[in-house]
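The values are calculated or read from the model by the stated rules, or taken from the named source; none is laboratory data. Note that this is a predicted model, so its numbers are computed, not measured. Here Cβ is always computed from backbone atoms with ideal geometry, including for glycine, and neighbour counts include all displayed protein chains.
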Amino acid sequence: MRLSLGMVGGGEGAFIGGVHRMAARLDDRWTLVAGAFSSEAGRSQAFGRTLGLADDRCYGDWQAMAQAEAARPDRIDAVAIVTPNHLHHAPARAFLEAGIAVICDKPLTTGLADALDLADAVARIGAPFVLTHNYSGYAMVRQMRAMVAAGTLGAVRVVQAEYAQDWLARPLPGNKQADWRGDPDQAGPGGALGDIATHAYHLATYVVGTAADQVSAETSRFVAGRQLDDDVQLRLRWAGGARGQLWASQVAVGAANGLRLRLYGERGGLEWSQEDPDILRYTALGEPPQILRRGGPGLSAAAQAATRIPAGHPEGYLEGFAQIYADAADLVAAHKAGRPAVATDLPGVVAGVEGVLFIEAAVRSAAADGRWMALGADA
């Protein structure tokens, strides 16, 4: 069954909006039928026409969209929120109150109070909520998660995560994407911290299976005049004894999209890189390294389910993103039919709250010269 999708944000010049639209189309599970692509009605309608949408479903603001779609007999099944961070909470809350499922870009919100408010709304209303931590959609990331959960590594001891880019290594005046990410009023309290360190943190905790308990952080602003961090270096502690390090930088000259995760346990280790995503290196203690390939033999059911084409035909960013949308379609379809949702590996509102806790604790730690800070909601 194909479901109907609306979108808030993602208009002309917005990179991530196009990515969401491509990902939603890839498996033929969603049809985009409505949107508030701009805060100016004429621009929203003009952009919607380029996507083949009807004029009466191209709205000038998300408030009008939520109200109108809730009243339609053919209303959207879910809304994708692809706005700058400060415009996640209010639209998400409005569509949840209308009983419409939400697919929201990360981070969940710019502050903990709003994140907890959304978590309460999801619990009270029961509408599906998906957070697009898209790297969790990669087949070999799900293979890592399955191997850790099965005890293949034994107790996890060391977690090393990094996410290195160079696109902000110099000022980019007038660049729409750089401008809002460097504005605390739109991005929230973290720069690279909120933009990419949250991806690395989610990836680490997704594979380990639990959120970290404490963080010690140092944040830097290497480019003159920048209001938010462009490089972060952190240490992490898990209650089970694992220790971790996380580095995220947008000023690492020569780095493109260097998201990488390495895990080492009592009996083995795993290494994965987003720039070579079909390959997972596994080493059992005292044995030669093994190369596990997406689509190859010996993989978990979770990895197989996230595989579209045979091994050797590279899958990547769009397929990983599309897996989130495919899983979201299963979740929303089950909700519409009144069926229990099939268990999935989807990140949801709880992962969103954990991400906001991570950002806020790291900011506090950096302001206190790296003092360890708790990540719990009572911190």
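Summary of computed values
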{"read-out": "Some residue of the stretch 137-159 being under 22 Å from GLY6 (Cβ atoms) and buried (at least 24 other Cβ atoms within 10 Å of the Cβ)", "value": "yes"}
{"read-out": "Pairs, first assigned by TED's automatic domain parsing to the domain that holds GLY269 and touching a residue at least 24 places away in the same chain (Cβ under 8 Å) in the stretch 288-302, second surrounded by 18 or more Cβ atoms within 10 Å (Cβ to Cβ) and among the acidic types (Asp, Glu), C-beta under 8 Å, six or more apart", "value": "ARG294/ASP278; ARG294/GLU315; GLY295/ASP278"}
{"read-out": "In the stretch 62-77, residue surrounded by the fewest Cβ atoms within 10 Å (Cβ to Cβ) [restricted to those that are within 18 Å of GLY11 (Cα to Cα) and touching a helix residue (DSSP H, G or I) at 6+ places or on another chain (Cβ under 8 Å)]", "value": "GLN63"}
{"read-out": "Residue that is farthest from ILE359 (Cα to Cα) [pool: residues in the stretch 241-282 that are basic (Lys, Arg) and within 21 Å of the chain's Cα centre (by Cα)]", "value": "ARG262"}
{"read-out": "Evaluation of GLY355 against (1) modelled with pLDDT under 95; (2) within 30 Å of VAL232 (Cα to Cα) (one fails), failing number", "value": "(1)"}
{"read-out": "Elements of type strands (runs of 3 or more DSSP E) contained in the stretch 144-255, each with 3 or more residues being closer than 30 Å to GLY298 by Cβ", "value": "156-164, 243-249"}
{"read-out": "When residues of the stretch 309-365 are limited to those that are polar (S, T, N, Q) and under 17 Å from GLY137 (Cα atoms), the one surrounded by the most Cβ atoms within 10 Å (Cβ to Cβ)", "value": "GLN323"}
